[in-house]
Amino acid sequence: MLLWSLLAICVQAVLLALPGRGKVWFARFFWRGVGRILGLRLRLLGEYSRHRPTLFVANHCSWLDIVALGAAMPGCFIAKAEIANWPGIGLIAKLGRTVFVSRSRRTVAQEQRVLERNLERGDNIILFPEGTTSDGNRVLPFASAFLTLAFGPARPWVQPVTIVYDELDGQQIRRGDRAEIAWYGGMNLAPHLKRLLRRHSLRATILFGEPLPPGSFANRKALSAALERLISQNAAAMRQGRALAAGSAAQT
């Protein structure tokens, strides 16, 4: 993992200085490599939106979501500001063009302007409106603040994305297993990683919902409520193995 990351950092640093979308596609290539090293397999149901820009709205239960979603679709993540100062991880996030936000009322307007500029450049953005990670057995209430982006001058499309981890070492995941994958609350990262990396393989199923064109909802609160309801229902069905016909599946 260290060797792969060091190589990727050098390549991405060069691509960031060059015009074009090489930096976008190489970021996906990097996350695919990370997933392969971790033994993470992806099953994709449906397809990600080809409209630019698109605001991808997803549920969130683990740091593994970054690997899985980063490999599955092109886009910039939004992350809490303190991650920028984490050794190693902060550098990788910056090279991946992550936008760091504090989510405080004092700075939210300024942070939204930064995100607006990204969208106006044609960049997709991946948003976790729960604002934190869950235990993997439920979807937490959505905060609607950053969904204001869907009504801004960039007029992005919006696509709901649901991610559920459903296999561990080739066996269907049970409810009690999800805490081994999810990273939430006051969990210490080191022992969590130690337990997870003992496993040989893990599968994430990602369901891409129907992309919503600009103007589909009257305001951000209505959009937030609809997305929360849809993603919660999808996640519950997927945990029970009931959503497999929702789209065409592809293995990566």
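The values are calculated or read from the model by the stated rules, or taken from the named source; none is laboratory data. Just so we're clear, the structure is a prediction, and the values are computed from it rather than from any experiment. Cβ atoms come from the backbone with ideal geometry, glycine included; neighbour counts cover every protein chain shown.
Taking the criterion of being over 17 Å from residue 68 (Cα atoms) and part of a helix (DSSP H, G or I), the residues of region 169-198 that qualify are 175, 176, 177, 179, 189, 190, 191, 192, 194, 195.
Yes/no per residue for (1) loosely packed, with under 14 Cβ neighbours inside 10 Å; (2) within 21 Å of residue 9 (Cα to Cα):
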residue: 61; (1), (2): no, no
residue: 77; (1), (2): no, yes
residue: 86; (1), (2): yes, yes
residue: 109; (1), (2): yes, no
residue: 120; (1), (2): no, no
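For region 161-209, the set of residues classified as small (Gly, Ala, Ser), on the phi < 0 side of the Ramachandran plot and over 19 Å from the mean Cα position of the chain (by Cα) consists of 176, 186, 190, 201, listed by residue number. When residue 130 is tested against (1) in a loop (DSSP other than H, G, I, E, B); (2) among the charged types (D, E, K, R); (3) closer than 24 Å to residue 41 by Cα, only condition (3) is not met. Only one of the numbered conditions (1) closer than 25 Å to residue 151 by Cβ; (2) hydrophobic (A, V, I, L, M, F, W, C); (3) modelled with pLDDT of 90 or more; (4) over 17 Å from the mean Cα position of the chain (by Cα) is violated by residue 6, and that is (1). Looking only at residues of region 41-59 that are in a loop (DSSP other than H, G, I, E, B) and over 10 Å from the mean Cα position of the chain (by Cα), we find that the one that is surrounded by the most Cβ atoms within 10 Å (Cβ to Cβ) is 49. Within region 18-56, being hydroxyl-bearing (Ser, Thr, Tyr) and touching a helix residue (DSSP H, G or I) at 6+ places or on another chain (Cβ under 6 Å) holds for no residue.
Selection of region 221-241 for residues being among the aliphatic types (A, V, I, L, M), surrounded by fewer than 19 Cβ atoms within 10 Å (Cβ to Cβ) and at pLDDT below 95 yields 236, 237. When region 22-66 is examined, which residues are found to be modelled with pLDDT under 95 and hydroxyl-bearing (Ser, Thr, Tyr)? Listed by number, the list holds a single entry, 62. Out of 113, 105, 97, 138, one residue alone is within 22 Å of residue 219 (Cβ to Cβ), in a loop (DSSP other than H, G, I, E, B) and among the basic types (Lys, Arg). It is 105.
I'd like to check something: does region 33-40 contain any residue that is within 28 Å of residue 144 (Cβ to Cβ), surrounded by fewer than 19 Cβ atoms within 10 Å (Cβ to Cβ) and among the charged types (D, E, K, R)? No, region 33-40 contains no residue that is within 28 Å of residue 144 (Cβ to Cβ), surrounded by fewer than 19 Cβ atoms within 10 Å (Cβ to Cβ) and among the charged types (D, E, K, R). Does region 135-160 hold any residues that are crowded, with 18+ Cβ neighbours inside 10 Å, among the aliphatic types (A, V, I, L, M) and either on the phi > 0 side of the Ramachandran plot or out of contact with any helix residue (DSSP H, G or I) (no Cβ under 7 Å at 6 or more places or on another chain) (or both), and which are they? Scanning region 135-160 gives a single hit, 140. Given the condition touching a Ser or Thr at 6+ places or on another chain (Cβ under 8 Å) and either surrounded by fewer than 16 Cβ atoms within 10 Å (Cβ to Cβ) or within 19 Å of residue 115 (Cβ to Cβ) (or both), answer yes or no: does some residue in region 190-211 qualify? Taking every residue of region 190-211 in turn, at least one turns out to be touching a Ser or Thr at 6+ places or on another chain (Cβ under 8 Å) and either surrounded by fewer than 16 Cβ atoms within 10 Å (Cβ to Cβ) or within 19 Å of residue 115 (Cβ to Cβ) (or both). For region 60-94, filtering for residues that are under 20 Å from residue 16 (Cα atoms) and part of a loop (DSSP other than H, G, I, E, B) leaves 4.
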